[in-house]
Amino acid sequence: MFIAEKQTPAVFQLSGGMIAFMIDAIGRLGQTEIINTRHEQAAGFAAEGSARISMKPSFAMGTSGPGATNLLTPIASSFFDSVPVIYITGQVNQKELRTNPHQRQNGFQELDICEMARTITKKVYRPETAVEAFNALKEGWLLSQEGRQGPVLIDIPINLQQEELEYASTEIDKEKLASRLDNDVHDEFRSYLIAAKRPLVLVGGGVRLGKATEALSQFLNKTGIPYVCSLLGLDSVSHTDEKYLGFIGSYGNRWANTALRESDLLIVFGSRLDVRQTGNDISGFMTNKKIIRVDIDDHELTGRITADLAIKVDILEFLRQSLNIDYKIDSTPFINRIMKFKVEHPQEFEQTDDIELNPNVLMEWLSSTFSEASGYVVDVGQHQMWAAQSIRLETGQRFLTSGGLGAMGFALPASVGAAFSLKGNWVMISGDGCMQLSSPELQTVVHYKLPIVVCVINNGQHGMVAQFQDENMNGRLTGTREGFSNPDFQKLARAYGFLNVVKVESESELLSLTKTVKKWKEGPCFLEFVVDSRAKALPKNSF
Ligand SMILES: Cc1ncc(C[n+]2csc(CCOP(=O)(O)OP(=O)(O)O)c2C)c(N)n1
Ligand SMILES: [Mg+2]
């Protein structure tokens, strides 16, 4: 009843005895769709994808023991990327729970998932009564969304699941975050702006999580400050605005990192500034510039990069109030210089000429072919970086990927979750390695006839790690190319019931495919792109 009241798009799960009563209750009520995945990890990633799109908590469920441990990876993923997911695991009957901590196990499939998940959740609950279980749901729903968002875990013993409770509605308004802004902060902020010649905004994932994309756009237009994005910030801004200067970081666009280096004031909205963004050389990153950080989580503000001005605040509130600041800059000379550099060093030139299907050209082709898609869901590896570098997002298009955890196998199930939360077609981009972690979910896509364009970038290897080996291990490719092989993806897709399946090996084939593929976008289709194993994720920047 609680789940139904919250009008969540679906509950994602893989069945098991210890959650069977709860699943049955949701099914009998008939108000929430129950989506079966082929692995609990996929259920978790699907819930994460769904929550990122619906902007409210989603539910993933798994049974006790292996079902629960299979949920640990998505729990960590949603914790690091601040996504509100409510994970519910079944637990053995309270009578079966071990009482002596030195005993390994008492009940069958008994496992202390709460202890294991404690450090990767905002809170874990092991209710002792049915009323406590209900209260945990109520509190967990609010807590997962409060302040910096993130997952909670509720581990419910099977005997509690069978109790009947009188239901009382739970519509409680989320307490508004107390403002921590005062005029002094804005005065100081303005004084940094005024002193800067080349201010630059770095947009992180926190902007969208803080529901502040619109306010950010107003702020940027009003102030005239150009901007760059981190991986998770890519879909919070317009890519067609002339102030957009690209994707930064270790594998960022060369011109975006140049802008970062040349800026004399970096204003960071909701980004952790982790090593993928700053490189290892922190002092190099900070050279010749002032840094302002705005974040809801003060633990981030005291993290790797010390800011000249650190503001702990709800980003939406900060941006709204900043619209009143009297400030405007003409950044044209700075923008023009960076754009000239971009023209001289376009992204596709990073690959050598003899690569038959340039992966950056491929990503550009995908963005023009699927300019009307709801968004892209991208896995982990070189293909992820090629996508981040070269996909041009249309306004409102989403870009989901596993940021902080970087979990291979995220994209296919997350695209399932996204497809349940927002209509329109979704482009899922995976590597050949990642696809082998998630391929059972092809069945989920076919079963629910989801409008997902499955793209596999097949370079015959764990490319990202092979690239690392190339650079650091004299090209010994143990475990990445050696010992690695793929199934015939064409046959695999057909075996799962995909009707529209194609393999592309060169840029000329791409062009002739555009029309056909556009026709396929309504239902599931499977596109395999064969990319030379010598193609790399470049440039590899250090600052
Ligand atoms: C679950 C998991 N295991 C291992 C890794 C380490 N890892 C990062 S990228 C990568 C290779 C991915 O291979 P593929 O999907 O083929 O992508 P490519 O880099 O070739 O584009 C690996 C093994 C990871 N990030 N996640
Ligand atoms: Mg690969």
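The values are calculated or read from the model by the stated rules, or taken from the named source; none is laboratory data. Keep in mind the model is a prediction, meaning the values are calculated, not measured. Note: ideal-geometry Cβ built from the backbone for every residue, glycine included; neighbour counts use all protein chains shown. Just so you know, the surface numbers come from the protein's heavy atoms only, side chains and all, with ligands and any DNA or RNA stripped out. Shrake-Rupley method; radii C 1.70, N 1.55, O 1.52, S 1.80 Å.
Compute the label zone of Phe349 within region 244-263: residues whose backbone N is under 20 Å from the point 7 Å along Cα-to-Cβ.
Backbone N within reach: 245-249, 251-262.
Below 18 Å, Cα to Cα, which lysines can Lys312 reach? Residues fewer than 8 away in the same chain don't count.
Partners found: Lys176, Lys211, Lys290.
Output the direction-averaged projected area (hull surface divided by four) of the convex hull of the alpha-carbon atoms of the chain, in nm².
Numbers: hull surface 104.2 nm².
Averaged projected area of the chain's Cα convex hull equals 26.0 nm².
Find the accessible area per residue for the chain; the probe is 1.4 Å, ligands and nucleic acids are left out, and the unit is Å².
Value for the chain: 42 Å² per residue.
Return the long-range amide H neighbours of Gly246 (sequence gap of 5 or more, or a different chain), with a cut-off of under 5 Å between placed amide H atoms.
Cys229
Suppose the chain between Met473 and Asn93 were pulled fully straight at 0.36 nm per residue; how much longer would it get relative to their current alpha carbon spacing? Present the calculation step by step, with values, prior to reporting the outcome.
Values: separation 380, 0.36 × 380 = 136.80 nm, distance 5.16 nm.
Stretched out fully, the Met473 to Asn93 stretch lengthens by 131.6 nm.
Which helices count as membrane-span-like in the chain under these terms: full DSSP H, at least 20 Å along the axis by C-alpha, Kyte-Doolittle mean of 0.0 or more?
Those that pass (Cα extent of 20 Å or more, hydropathy at least 0.0) are 130-145.
For region 94-169, which GluC sites (Glu not before Pro) are both in a DSSP coil and crowded by at most 12 other Cβ atoms within 10 Å?
Glu128, Glu163, Glu164, Glu166
Gain in length, Arg320 to Phe484, computed as 0.36 nm per residue apart minus the alpha-carbon separation, to one decimal in nm?
Details: separation 164, 0.36 × 164 = 59.04 nm, distance 5.15 nm.
Gain in length upon complete extension: 53.9 nm.
Please work out the FRET efficiency for the pair Glu242 and Ala495, using the Cβ-Cβ distance as r and a Förster radius of 51 Å; give the result to the nearest 0.05.
Calculated value: 0.60.
So what J values fall out for region 104-111 if you push phi through Karplus, 6.51 cos²θ - 1.76 cosθ + 1.60 with θ = phi - 60°, rounded to Hz, Gly and Pro as x?
For region 104-111, the Karplus-derived couplings read 5, 7, 10, x, 5, 6, 6, 7 Hz, x marking Gly and Pro.
Under 12 Å from a point 7 Å along the Cα-to-Cβ line of Ala195: which residues of region 282-319 have their amide N that close?
Of the residues in region 282-319, 289-292, 308-309 have backbone N under 12 Å from the label point off Ala195.
Kindly provide the helix-only [θ] at 222 nm of the chain, computed as the sum of -39,500 (n - 2.57) over DSSP H runs of four or more divided by all residues, to the nearest 500 deg cm²/dmol? Numbers along the way, then the final one.
Numbers: 25 runs with 215 residues, N = 543.
Computed mean residue ellipticity for the chain: -11000 deg cm²/dmol.
Would you work out what percent of the accessible area of region 65-176, with all protein chains in place, is carbon or sulfur (probe 1.4 Å)?
On the way: 2780 of 5700 Å².
With neighbouring chains kept in place, the figure for region 65-176 is 49 percent.
Work out the FRET efficiency for Asn100 and Asn336 from their Cβ-Cβ distance, taking R0 = 60 Å, and round it to the nearest 0.05.
Details: r = 71 Å, r/R0 = 1.19.
For Asn100 and Asn336, the calculated efficiency is 0.25.
Give me the number: length gained by fully extending Ile34 to Glu188, i.e. 0.36 nm times residue separation minus the C-alpha to C-alpha distance, one decimal in nm.
Full-extension gain reported as 50.3 nm.
Rounded to whole Hz and in sequence order, give me ³J(HN,Hα) for region 325-331 from the Karplus expression 6.51 cos²θ - 1.76 cosθ + 1.60, θ = phi - 60°, writing x for Gly and Pro.
6, 7, 6, 7, 10, 9, 8
Could you tell me the calculated FRET efficiency between Thr129 and Glu394, based on Cβ-Cβ distance and R0 = 45 angstrom, to the nearest 0.05?
0.35
By average Cβ neighbour count within 10 Å, what is the ranking of 15-22, 62-69, 83-90, 466-473 from highest down?
So the order, starting with the most tightly packed, is 83-90, 62-69, 15-22, 466-473.
Ignoring ligands, DNA and RNA, what percent of the accessible area of region 357-506 is carbon or sulfur (1.4 Å)?
The C+S portion of the solvent-accessible surface of region 357-506 is 50 percent.
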